[in-house]
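What follows is one structure encoded as structure tokens, with my remarks underneath.
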Amino acid sequence: MRHVLVVDDDAKIRESLSEALSDDVTEVRTAEDAERALSLVDERLPDIVISDVRMPGLDGLALLKLLRERAPSVDVILMTAYDDMPTVVTAMREGAIDFLVKPLDLHDLRRVIGKVFEDRRTRERARRAVEEEASAYRLDELVGHDPRMIEIYKLVGQLAANRANVLIRGETGTGKEVIARAIHYNSPDAAEPFIPVNCTAFAPTLLESELFGHVKGAFTGAVSDHRGRFALAGRGTIFLDEVGDTSIEFQSKLLRVLEDHEYYPVGGEHPERSEARVIAATHRNLEELIGEGRFREDLYYRLRVVEIAVPPLRERLADLPILAEHLVRRSSETLHRPAPVIAREAMDALTRHRWPGNVRELENCLTRAVVLATGDVIRPEHLAIAPLPAGSPAHLSTLEELEREHIARVLAATGGHKARAAETLGVSRPRLNRLIEKYGLE
């Protein structure tokens, strides 16, 4: 619905504008002064207010200020017969979307109205896109009952309420970026950008330019100024994935951003401010890198204000059934098809696999299965469970890790039925309860 409110103390102008716009908008209401306009706005918000500047009582500029306070989503176009520059400057500074001079050119008015409605549609599409992306990272969308994951979900809620730096650690594919997005999209700054940067995707010399930007002529090929990711983030979040693979030179510059909230674009002579929050992630052992002189210790402590350690999927296999069902539902929504069910034989095959690629490997496997499943049932033949590549170093587990993994697999295969699990494992029910408590598998 396209709704316009015309405000002018001249009845003829109100009538002519109402007539002229009737073919372009759904509804046109009119008001003879600012007070009546505010009353109509309180009844129902218009999309656009077109107001004269000079009116008895409150003038158009005063009405503009009040609308910015009370109804910031309403776009305001001001018009006047007095073409004075100070009024134009004040109107635009106070937030008017455009300023027209009487007598109005109706073609020009329709062009401006059309542009404003197009801009509103663009803003609405962007808002919906942010909401849709954020909805995937609501706290109730985080799945898993493993005690370590529950502690992570608690941390996500706490970290969403502040802007502390966070270091997320875990193997490749464990969902480190998902956790970073969950922190961002549940924070007060969720409408600000979330900008992920894979630090290994850029050569060391290009990573600095990508994050901090560069000025024209800074290097061969720099034909114009370039805004970096920190500038684009505003008060949003920069997610630095694989920060452990960056060079010492880059780490020094990143440290300055974290300490002073400012940086120099490549080739720039003046620093720029940054209000972005930094969440970093790595699969590397940073303590070993510090000992080898390959990672700055001071940066380590700056990044690690709060640390989140994400367990690999093989260590929380009791979560696999609920996680698999969640991923199937999500893939089905993306593919616009009903969600298939996972047959018991397929679930057994999933729980037997060690998942070296973690949740990412599981998601890819199940997305393929959703595409191939017939009869709305995922069967073992729909699963592409890749064996470890020849020559890949095997993960050598301790006896306790193997015991925990095996108990988790049996619990997953029996649907959490403790009596059947105890029988399969060959232990008593009290013994199983002690093992479940010991390994945090409840």
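Among the residues of the range 5-14, write down those that are touching a residue at least 12 places away in the same chain (Cβ under 8 Å) and out of contact with any strand residue (DSSP E or B) (no Cβ under 6 Å at 6 or more places or on another chain). Scanning the range 5-14 gives Asp9, Asp10, Ala11, Ile13.
Looking at Ala419, is it among the small types (Gly, Ala, Ser), in contact with a helix residue (DSSP H, G or I) (Cβ under 8 Å, 6 or more places away or on another chain), modelled with pLDDT under 85 and assigned to a helix (DSSP H, G or I)?
No: the conditions fail for Ala419.
Candidates Arg235, Arg227: the one that is assigned by TED's automatic domain parsing to the domain that holds Ala190 and under 20 Å from Gly267 (Cβ atoms) is Arg227.
For the range 267-299, the set of residues classified as within 22 Å of Glu171 (Cα to Cα) and buried (at least 19 other Cβ atoms within 10 Å of the Cβ) consists of Val278, Ile279, Ala280, Ala281, Thr282, Leu286, Phe295, Arg296, Leu299, listed by residue number. May I ask you to list the residues in the range 64-89 that are surrounded by 14 or more Cβ atoms within 10 Å (Cβ to Cβ) and more than 36 Å from the chain's Cα centre (by Cα)? Within the range 64-89, Leu78, Met79, Thr80, Thr87, Val88 qualify. Restricting attention to the range 28-47 and to residues that are hydrophobic (A, V, I, L, M, F, W, C) and over 15 Å from Arg14 (Cβ atoms), the residue that is surrounded by the most Cβ atoms within 10 Å (Cβ to Cβ) turns out to be Val41. For the range 418-435, the tally of residues that are loosely packed, with under 12 Cβ neighbours inside 10 Å and under 21 Å from Asp348 (Cα atoms) stands at 2.
What do you reckon, is Ser392 within 16 Å of Leu313 (Cβ to Cβ), surrounded by fewer than 19 Cβ atoms within 10 Å (Cβ to Cβ), polar (S, T, N, Q) and at pLDDT below 90? Please lay out each step first, then the result.
Numbers: within 16 Å of Leu313 (Cβ to Cβ): no; surrounded by fewer than 19 Cβ atoms within 10 Å (Cβ to Cβ): yes; polar (S, T, N, Q): yes; at pLDDT below 90: yes.
Judged against the criteria, Ser392 is not a match.
When restricted to residues that are crowded, with 21+ Cβ neighbours inside 10 Å and farther than 20 Å from Val112 by Cα, the range 48-62 contains 1.
Within the range 159-186, the residues that satisfy the criterion of being of a type in the set (S, T, N, Q) and in contact (Cβ under 8 Å) with a residue 60 or more places away in the chain are Asn165, Thr172, Thr174.
Take Arg2 and decide whether it is closer than 25 Å to Thr122 by Cα, in contact (Cβ under 8 Å) with a residue 12 or more places away in the chain, surrounded by fewer than 15 Cβ atoms within 10 Å (Cβ to Cβ) and of a type in the set (Lys, Arg). Considered against the rule, which asks whether it is closer than 25 Å to Thr122 by Cα, in contact (Cβ under 8 Å) with a residue 12 or more places away in the chain, surrounded by fewer than 15 Cβ atoms within 10 Å (Cβ to Cβ) and of a type in the set (Lys, Arg), Arg2 comes out as no. Residues of the range 6-23 that are touching a helix residue (DSSP H, G or I) at 6+ places or on another chain (Cβ under 6 Å) and more than 16 Å from Thr80 (Cα to Cα): Ala20 alone.
The values are calculated or read from the model by the stated rules, or taken from the named source; none is laboratory data. This one's a predicted model, so the numbers in the text were calculated from it and none came from an experiment. With ideal geometry, Cβ positions are generated from the backbone for all residues, glycine too; neighbour counts draw on all protein chains shown.
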